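The next block holds one structure in the form of structure tokens; read it before the comments.
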Amino acid sequence: MIILLNYLVFVFKFYIFWAFLILLGRAFIKILFSITKQNKTFHKYKISDTSIAIFYPILGLAFLGNILFISHFLFPLGNKQLYFIALFAVFVNIKDINNIKIFTLNYIKILKFFIIPIILLFSSYDIAFHYDAGFYHLNHQNWLRTSNLIIGFVNVYWPFGIGSIYEYISSVLWFDETFILLHFLNLVFIIFFYNFCLEHLAKINNNFLKFPIIFVIIFGFLDNFGLNGGRNGYFYIQGVTASDLAVGILFFVTSLILISRLREFKFDIIEFHIFTILSLFLIQIKLSAVFITFLLFIYLYKIFSVKTTKFKYFIKLIGPYVVLSLFWTIKTLLSTGCFIFPVDFTCMNFLNWYVAGSTKEFEIISTSYSKAYVLGESLIGWVELILNDSIRRTVIVNFLMSLFIIYFIKKIFFKTRTTQLKDRSIVNIFIFVNLIYFVLAGPTPRYGIGILMVIISSLGFNVQGWKYNLNYKYILYFIFLFTLVFTTKLDSYKSFNFSKEPAVYLPIVEYTTTYNQWLKPSSGDKCWINLYCTMSKNKIEISKGRVFNKAIKK
């Protein structure tokens, strides 16, 4: 009985976290409907033909992250903020508790709320920290919990300048020594992805998103086969603190719903806010997702070009997001001395705490580590370098094989229609721009998850329906469940133990004093969690100010 209780406590812990995000996202939508004076029933609302409830957890994370990053200008982050935000979410939702219908179960809801999460929770049993957790993520979160914004924070250690909103969210999830909530954070995105896909797979009508999603699920199925046992660019469950799968999933979904709306354009104020929030949140997680703005700006242009849209109204629409982006940019500038880090030409060399030209070194480190192509160098030599890397070679070969197989399936089983040149051009340019950036920034497979899934899904944009009048439902559900089950590694299932509470524990680290209170690891380059541990070779001084402390290299 005690053994079973341990497992139930673990599952309950996840569901509490997930429910909190759902309630927070729902509260945000409720407030949004109130501000925009919408008379529609919001829980029945659809975003690009997708139930708005699917987006609640991600909107909850976006809302949470932005509250935290703004409050961090003045206050350190910690669990207390999460308690207050949780109370707020409950309060906003409880006000209309009489309007909430009794929860009824069907097989789709059982899949969404129970089967998908429970299967993915098995991954917790052999999950480990990602390499970058000890390298900088955890210590960055530690600083966020200890101090408010530090001017020149990048001087403590250059990776702190990356400053993802993921760090702000993660910093308030240190509830115990297991750090398992940091893994749950990634699982929320995976559950969101599969629930989004299931929403459209289960539809009887052949809506625009159904066939792109079918192809992506087949892509996930094929990920388990091929050269060296598989891996074709489909997402996989990463180590704790890594955010690449979150970026990939959110990039894919946001791209699809924007492309869907551009294809059949209509202005809806709630959709506008959702599209803009998701795009901004995506960029806040990782700057490399910035090219989602290509689709967003076309969408905004279409809104502005509508004759009934007045300039003042348009400015009023985008104003809050411009202000939020401005705060994010100010945060980056104060922390790093650059408007975009680590892009050297955006840095302000006149700042007295910024070391002029220092960012160029970090820019080179970032691109060379990822084997980015440098303009002017031999393209053939670069291709040989990429193909000599076994992981990259495996992903490239398997991706091309998967692309061919899915195209072959499309030709055999699906009817197509002619799409407008304008629609095809938008998608093709979007893919091309992202691929060029992928090459120039460094073609590391985990960085390309989102765009590779968009490429696969684009094969379905001109599909009209099935060629043959057969019942494909059970085949699709089999492929979906197979893909879902094998998203979690076999080793995770083998590691499952009712008596074991999943945890991600910190290693024991020995440190060596370098200068005053500053330390470095006695071996390796991972500081893990120690405020005054840094791999920086410079002497660092943190001076106290009235509002902000300042870090200076000497």
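Basic side chains Lys and Arg get +1 at the Cβ, acidic Asp and Glu get -1 at the Cβ, and with that the dipole of segment 436-554 about its Cα centre reaches some 460 debye.
For the chain, the Cys residues with no second cysteine's beta carbon closer than 4.7 Å are Cys197. Net charge dipole, the chain: roughly 1760 debye, given to the nearest 20, about the Cα centre with Cβ charges of +1 for Lys and Arg and -1 for Asp and Glu. Overall form of segment 511-553: prolate. Here a/c, set by the Cα gyration tensor axes a ≥ b ≥ c, is 1.5 or more, and a/b is the larger of a/b and b/c. Projecting the Cα atoms of Phe225, Leu74, Tyr511 onto the dipole axis of the chain, where Lys and Arg carry +1 and Asp and Glu carry -1 at the beta carbon, places Leu74 farthest toward the positive end. Separation of segment 199-243 and segment 496-554 by C-alpha centroid, Å? Measuring centre to centre over Cα atoms gives 38 Å.
Report the local net charge at Asn232: Lys and Arg +1, Asp and Glu -1, summed over other residues whose C-beta lies under 14 Å from its C-beta. Working shown, then result.
On the way: positive: Arg231, Arg392, Arg393, Arg446; negative: Asp223.
Charge balance in the 14 Å sphere: +3.
Ordering of 284-291, 190-197, 406-413, 43-50 by packing is 190-197, 284-291, 43-50, 406-413, highest average first (other Cβ atoms within 10 Å, averaged per residue). Placing dummy labels 7 Å off each Cα toward the beta-carbon, the span from Leu5 to Ser370 is 4.9 nm. Residue separation of Ser390 and Phe88 scaled by 0.36 nm, minus their Cα-Cα distance, works out to 103.8 nm of gained length. Provide the FRET efficiency to the nearest 0.05 for the Ile35-Glu510 pair, computing r from the beta carbons and using R0 = 60 Å. With a Förster radius of 60 Å, E is 0.65.
Pairs of Cα atoms nearer than 8 Å and 6+ residues apart set the relative contact order; for the chain it is 25 percent. Normalised by the number of residues in segment 440-554, the average gap of Cα pairs under 8 Å and 6 or more apart makes the relative contact order 10 percent.
Bridgeable aspartates and glutamates around Lys553 (alpha carbons under 17 Å apart, same-chain partners fewer than 8 residues away excluded): Glu361, Glu541. R0 = 41 Å: FRET efficiency of Lys316 with Ile405, Cβ-based, nearest 0.05? Efficiency, rounded to the nearest 0.05: 0.25. By the rule of a C-alpha distance below 18 Å, with chain neighbours fewer than 8 residues away ignored, the lysines paired with Lys266 are Lys40, Lys46, Lys302, Lys307, Lys310, Lys422.
With a Förster radius of 45 Å applied to the beta-carbon distance between Ser523 and Tyr301, the computed FRET efficiency rounds to 0.25. By its C-alpha gyration tensor, with a ≥ b ≥ c as the square roots of the eigenvalues, how is segment 301-437 shaped: rounded for a/c under 1.5, else prolate for a/b larger than b/c, else oblate? Oblate shape, in that a/c is at least 1.5 and b/c is the bigger or equal ratio.
Classified by the C-alpha gyration tensor, the chain has a rounded form. Its axis ratio a/c, with a ≥ b ≥ c, is below 1.5. Of Arg392, Arg417, the sequence from fewest to most neighbouring Cβ atoms within 10 angstrom is Arg417, Arg392. Only helices enter this figure: runs of n ≥ 4 DSSP H residues, each worth -39500 (n - 2.57), summed and divided by the residues of the chain, yield -17500 deg cm²/dmol at 222 nm to the nearest 500. Its relative contact order, with pairs defined as Cα atoms under 8 Å and 6+ residues apart, puts segment 199-297 at 21 percent.
Quick note: the coordinates plus some simple rules give every number you see, no bench work behind them. Not measured: the values here are computed from a predicted model. For neighbour counting, all protein chains shown are included, and Cβ atoms are generated from backbone atoms with ideal geometry for every residue, glycine included.
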